[in-house]
1. Got a sec? Which of 274, 279 is at pLDDT below 95, crowded, with 20+ Cβ neighbours inside 10 Å, out of contact with any helix residue (DSSP H, G or I) (no Cβ under 8 Å at 6 or more places or on another chain) and more than 30 Å from residue 76 (Cα to Cα)?
2. So residue 117 ticks every box in (1) closer than 22 Å to residue 79 by Cα; (2) not in a strand (DSSP E or B) but one. Which box is left unticked?
3. Has region 224-233 got any residue that is over 21 Å from residue 162 (Cα atoms), modelled with pLDDT under 95 and part of a loop (DSSP other than H, G, I, E, B)?
4. Scan 371, 347 and give me the residue that is free of Cβ contacts under 8 Å to residues at least 40 places away in the same chain, farther than 30 Å from residue 193 by Cβ and over 23 Å from the mean Cα position of the chain (by Cα).
5. Is region 392-402 home to any residue that is within 23 Å of the chain's Cα centre (by Cα), in contact (Cβ under 8 Å) with a residue 60 or more places away in the chain and closer than 20 Å to residue 69 by Cβ?
6. Report the residue count in region 234-263 for those that are crowded, with 22+ Cβ neighbours inside 10 Å, touching a residue at least 40 places away in the same chain (Cβ under 8 Å) and part of a loop (DSSP other than H, G, I, E, B).
7. Is one or more of the residues making up region 397-410 outside any helix (DSSP H, G or I) and more than 20 Å from residue 315 (Cβ to Cβ)?
């Protein structure tokens, strides 16, 4: 703090001259001393001194927990949102750190495993900072219980005269299946519908995946028999399982009627031999025929209720009152009413979290300004001037800087006014002295003249 005072007043020649222009640490400490509570005593070369109130010189910095706004990530799907397993806790930790760049460097010991802890009894996660301050989050803000997904089972279907067994595959997004998803379905479809004759290689996943002409041909074209996987090569080696009439044939001009290939275009095409050579479509399977979601079917009304409870919890934690929470819900009424899946809840939570933090910053800033106005004892006009100078700033450190700048400006104005008054007083005293001197000179002249006249009369 001592260095800060010298730094600010370095260009103030009159002040530096008055304290003797100290240039060593000992001399500086002798000229300006700071007590443990922040009170400052300035001793001038003439032994006079000034005392400055410490409450106007220093302030207590807020703990890291108050200064660090932790953004909520998308919630993690878990088996039980009231009791997180170790691997689920690790997922939540990773999500928190990913959503908050730079957070790790502020953690106690710079170690997320010991600084971010979970209490399955209280259902809270605690983040401990390097200054030992903490922030806590309810499990409901971080995770949700993933329902039991639909369990696929083998079924027998009839399609365009063909009978076959089919087992749907559970995937993350059944509306957007990936190449690996299609591959998994085709492998299962083959294993559901054919078995090998004795003496041939078993139809294992490795066999289908690694044998040239099978999975590696699923999306290829140009084969004279038919596009896709060359199942015709296994005619006589693979026979139909119970429930299936998908007989494999060699194909070719005038050949026997039967299945020759499986091809992936916009959907799965099971292709049959054509009597004129090549192949024709036997039947097709869409993504809805092949896949189910590996997540439970959402319950929109339950999700809407859950979203409302989370909005209340998050906004109250940030200091918003019931009326302010009600207004947020009204402003986001359409978003809440359109909730159909957990990610919709995550989106509204993210909006509530941001809104809550923004409003808290504004309120904290207003309180900081009001405290400064009271501590500085400002009249109404200067209060307005200070508020105008700070504007919409919400960062507490930047507000403090602006308050210090304002205080310095006011002190300089006061000093300038005092200097002007002193200058006017000095000028007035000088004028009075000149006038008195003129009076004295006039009196002396008059006395001399009177004396001369008296001497003449005497003579």
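1. Details: 274 fails: crowded, with 20+ Cβ neighbours inside 10 Å.
Every option except 279 fails the conditions.
2. All conditions pass for residue 117, except number (2).
3. Start the filter on region 224-233 by keeping residues that are over 21 Å from residue 162 (Cα atoms), which leaves 224.
Those left that are additionally modelled with pLDDT under 95: 224.
Next cut, part of a loop (DSSP other than H, G, I, E, B) only: 224.
Within region 224-233, one or more residues are over 21 Å from residue 162 (Cα atoms), modelled with pLDDT under 95 and part of a loop (DSSP other than H, G, I, E, B).
4. On the way: 347 fails: over 23 Å from the mean Cα position of the chain (by Cα).
Sole residue among the options that is free of Cβ contacts under 8 Å to residues at least 40 places away in the same chain, farther than 30 Å from residue 193 by Cβ and over 23 Å from the mean Cα position of the chain (by Cα): 371.
5. Applying the first criterion (within 23 Å of the chain's Cα centre (by Cα)) to region 392-402 yields 392-399.
From what is left, the residues that are in contact (Cβ under 8 Å) with a residue 60 or more places away in the chain are 396.
Still in the running and closer than 20 Å to residue 69 by Cβ: 396.
There is at least one residue in region 392-402 that is within 23 Å of the chain's Cα centre (by Cα), in contact (Cβ under 8 Å) with a residue 60 or more places away in the chain and closer than 20 Å to residue 69 by Cβ.
6. Qualifying residue count, region 234-263: 1.
7. If we filter region 397-410 for residues that are outside any helix (DSSP H, G or I), which is where we start, we get none.
Checked region 397-410: no residue is outside any helix (DSSP H, G or I) and more than 20 Å from residue 315 (Cβ to Cβ).
Rundown of residues vs (1) within 18 Å of residue 341 (Cβ to Cβ); (2) touching a strand residue (DSSP E or B) at 6+ places or on another chain (Cβ under 8 Å), yes/no style:
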| position | (1), (2) |
| --- | --- |
| 270 | no, yes |
| 273 | no, yes |
| 300 | yes, no |
| 308 | yes, no |
| 314 | no, no |
| 327 | no, no |
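The values are calculated or read from the model by the stated rules, or taken from the named source; none is laboratory data. Worth saying up front: this structure is predicted, and the values here are computed from it rather than measured. In this analysis, Cβ positions are derived from the backbone assuming ideal geometry, glycine residues included, and neighbour counts consider all displayed protein chains.
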